[in-house]
1. Please sort by residue number the chymotrypsin sites (Phe, Trp or Tyr not before Pro) in segment 268-304 whose DSSP state is loop and whose Cβ has at most 13 other Cβ atoms within 10 Å.
2. For q = 0.23 Å⁻¹, what log10 I(q)/I(0) does segment 86-129 give under the Debye formula with an equal point scatterer on each alpha carbon and no solvent?
3. Report the normalised scattering of the chain as log10 I(q)/I(0) at q = 0.13, 0.15 Å⁻¹, calculated by the Debye formula with identical scatterers on the alpha carbons.
4. Across segment 92-98, in residue order, what do the Karplus-derived ³J(HN,Hα) couplings come to in whole Hz, using 6.51 cos²θ - 1.76 cosθ + 1.60 with θ = phi - 60° and x for Gly and Pro?
5. Can you list the equivalent-ellipsoid semi-axes of segment 51-149, largest first and in whole Å, using the square root of 5 times each Cα gyration tensor eigenvalue?
6. At most 11 other Cβ atoms within 10 Å and a DSSP loop assignment: could you name the trypsin sites (Lys or Arg not before Pro) in segment 1-53 that fit?
7. Can you pull the percent of Cα pairs in segment 56-109 with separation above 15 Å?
8. Below 8 Å, C-alpha to C-alpha, sequence gap of six or more: please give me the relative contact order for segment 1-136 in percent.
Amino acid sequence: MAKVHVFNAGPCLLPQVAIDNSIEALKDFAGTGVSLISISHRTKEWDAVMDECRSLWKELLRIPEDYEVVFLGGGASLQFLYVAMNFLEKKAGYLDTGVWAHKALKEAQGIGVAEAIACSKDRNYCYIPKGYEIPADLDYFHITTNNTIYGTEIKTDIDCPVPLIADMSSDILSRRVDVSKYAMIYGGAQKNAGPAGVTFAIIRKDALGKVSRYIPTMLDYRTHIDKLSMFNTPPVFPIFVMNETLKWLKGIGGIDAIHAIDEKKASTLYAEIDRNSLFRGTADKEDRSIMNVCFVMAEGREDLQDEFLSFAKSRGMIGIKGHRSVGGFRASLYNACTQEDVDALVSCMQEFEKMHI
C-alpha cells in the first residue's frame, strides 16, 4: 500500500506505538488472558491504568495539587452543559471565536444568564478578539483556545479576574499551559490525547460547590472526582489508548519537546501557503493555529479547488478537505502528525502549482 499522510481534524492520527499496544491489549490485557474490552473495571489491573493515566496528565502538564483529573463520556459538547450546571450562578461570560465556542455559549444560556464578551464572527471568525474587558462580576469566563474550523488559536494563558474555564479539545498537550490560571480545562481526547469516546476535565476542586441549584448526580463534577472517574463504568478502551498516547508523549520528551516539533510543522506549511501562488491562508497571521492550518485557493483560482483535492488524494493526502461550513482546505497537525507528513503535503502543493503556472 502506498504511503498515506493523515491530516484528519478528529478523530486524528495517533502514535503507532499506542495503536500497537492497544491491539495487544485487545488480545490479552496485562497478562490476564482476558481482552481489554472484556475486563472488569473493578480489577487491580484496570485500577493501575486509571492511576497511571491520571498521573501522566498531572506530570506532563505540571498540574497543581489542588486540581483533579477526571475522565468522562459524552465528548466536549456535553461539557458545555456540565460547565454551566456546575459553575453558573448569576452570570457567565464567553469569548465567541467559532462554532464550538458559540455552541458552548448557547448551552449556558439554556441554564442561566450568559453573554458573549467579545466575538469575531464579523470576519468569519478569522481572528481572536483583543482589547476586550472581562467584567469582574462574572461567575466564570469561558474560552475555546483552538478553533478547528477556522484555524485560530489563543497561544498564551490569559490573565483573568474571574474563574477561567477553557475548552482545549484541539490544542491540549501541544504547548506548556499554566494550569493554575484556570478553574477548569476540558476537552475531547480525539485530537492529541487519544481516540474518540473519552473526555478529560482538569478541575480546581475548590472552584466547585458554588451554585445553589440542584445538580443531577451524573452532571456533578464532584461525583466523578469522589469516585475517581468510576461512578459508572468508564470508557475503558479509549482511556487505555489515551494512557498509551500519554506514555508515548512522555517518552519523546513531553510538552516542551512536542511543542518545538509542532511549531516546526506549522511554520513549514504556513511558509508554503504564503509562498505558493495558488493558495492563501484564511486566519490572521498573528492568530494562526499550529494545530489546524486552514487555507483556500488564491483569488481567481477558486475553480481549482476540486482538482487540487483529487490531486492531493492521489498523492496520499488524507483529510485535508475543509469543514463543510467553510470549505477550502484544512491540514490538522496534531502531535502524532510528523514532519514527513507535512513535507509531503508541501511537495504536493508545489507540484500542483507547477502544473498551473
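1. Counting only loop positions with at most 13 other Cβ atoms within 10 Å, none of the chymotrypsin sites (Phe, Trp or Tyr not before Pro) in segment 268-304 qualifies.
2. -0.72
3. -1.03, -1.29
4. In residue order, the calculated couplings are 10, x, 10, 9, 8, 10, x Hz.
5. Numbers: eigenvalues 131, 57, 41 Å².
Calculated on Cα positions only, the semi-axes equal 26, 17, 14 Å.
6. Working: sites: K3, K27, R42, K44; in loops: K3, R42.
Taking segment 1-53 and a limit of 11 other Cβ atoms within 10 Å, the loop trypsin sites (Lys or Arg not before Pro) found are K3, R42.
7. Summing the P(r) tail past 15 Å for segment 56-109 gives 58 percent.
8. On the way: 108 pairs, mean separation 17.2, N = 136.
Contact order relative to length: 13 percent.
The values are calculated or read from the model by the stated rules, or taken from the named source; none is laboratory data. Bear in mind the structure is a predicted one, so any value in this text is a computation, not a measurement. Heads up, the Cβs are rebuilt from the backbone with ideal geometry, glycines too, and the neighbour counts pull from every protein chain shown. SASA here: full protein model, heavy atoms, side chains in, ligands and nucleic acids out. Shrake-Rupley method; radii C 1.70, N 1.55, O 1.52, S 1.80 Å.
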